[in-house]
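Enquirer: After the structure tokens below, expect a handful of questions from me.
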Amino acid sequence: MNAPAFPSGIVKACNYFKSDQHLDITTRDGFVFRYYNVPEEISDAFIKAENPGLFYMKMIRNKYKRLLRSFDS
């Protein structure tokens, strides 16, 4: 599931892979992180959050294993 651009100072975009439960998050500074074993409910709540940056910091960033996939300059 691709999400629209975020109204956030931290998060630029995200892409959720339901079959693998991977969540790719692109930050405003160009880093693309892949988060593993993210439940679909968390991804949905993230996309719908009033403040996606805050949701990311509290509910995703340090809660799920992540890998730096790339730097998009």
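Enquirer: What label, among [x] 28, 27, 22; [y] 32, 26, 23; [z] 59, 31, 17, belongs to Cα extents along the principal axes in Å computed from the structure on display?
Expert: [x]
Enquirer: Taking amide hydrogens as modeled 1.01 Å from N in the peptide plane, which residues meet the under 5 Å criterion relative to Arg28, leaving out close sequence neighbours?
Expert: For Arg28, the qualifying residues are Val11, Lys12.
Enquirer: Using Cβ counts within 10 Å as a stand-in for footprinting exposure, how do Ser19, Ser43 rank, fewest first?
Expert: On the way: Ser19 5, Ser43 22.
By the 10 Å Cβ count, ascending: Ser19, Ser43.
Enquirer: Can I ask one more? Are there GluC sites (Glu not before Pro) in segment 17-73 that DSSP marks as loop and that have at most 11 other Cβ atoms within 10 Å, and which are they?
Expert: Glu50
Enquirer: Could you give the dipole magnitude of the chain about its Cα centre, charging the beta-carbon of Lys and Arg +1 and that of Asp and Glu -1, in debye to the nearest 20? Could the numbers behind the result be given before it?
Expert: On the way: 11 positive and 8 negative charges, 50 e Å.
Once rounded to the nearest 20, the dipole reads 240 debye.
Enquirer: While we're here: Read phi for every residue in segment 26-41 and hand back ³J(HN,Hα) as whole Hz from Karplus 6.51 cos²θ - 1.76 cosθ + 1.60, θ = phi - 60°, with x for Gly and Pro.
Expert: 9, 8, 4, 8, x, 7, 10, 10, 9, 9, 9, 6, 8, x, 4, 4
Enquirer: Tabulate in residue order the Karplus-calculated ³J(HN,Hα) for segment 56-65, using 6.51 cos²θ - 1.76 cosθ + 1.60 with θ = phi - 60°, rounded to whole Hz; enter x for Gly and Pro.
Expert: In residue order, the calculated couplings are 4, 5, 8, 10, 10, 3, 9, 9, 10, 4 Hz.
Taken together, the values in this text are just the output of simple stated rules run on the coordinates, not laboratory data. Here the structure is a predicted model, which means the values were calculated and not measured. Here Cβ is always computed from backbone atoms with ideal geometry, including for glycine, and neighbour counts include all displayed protein chains.
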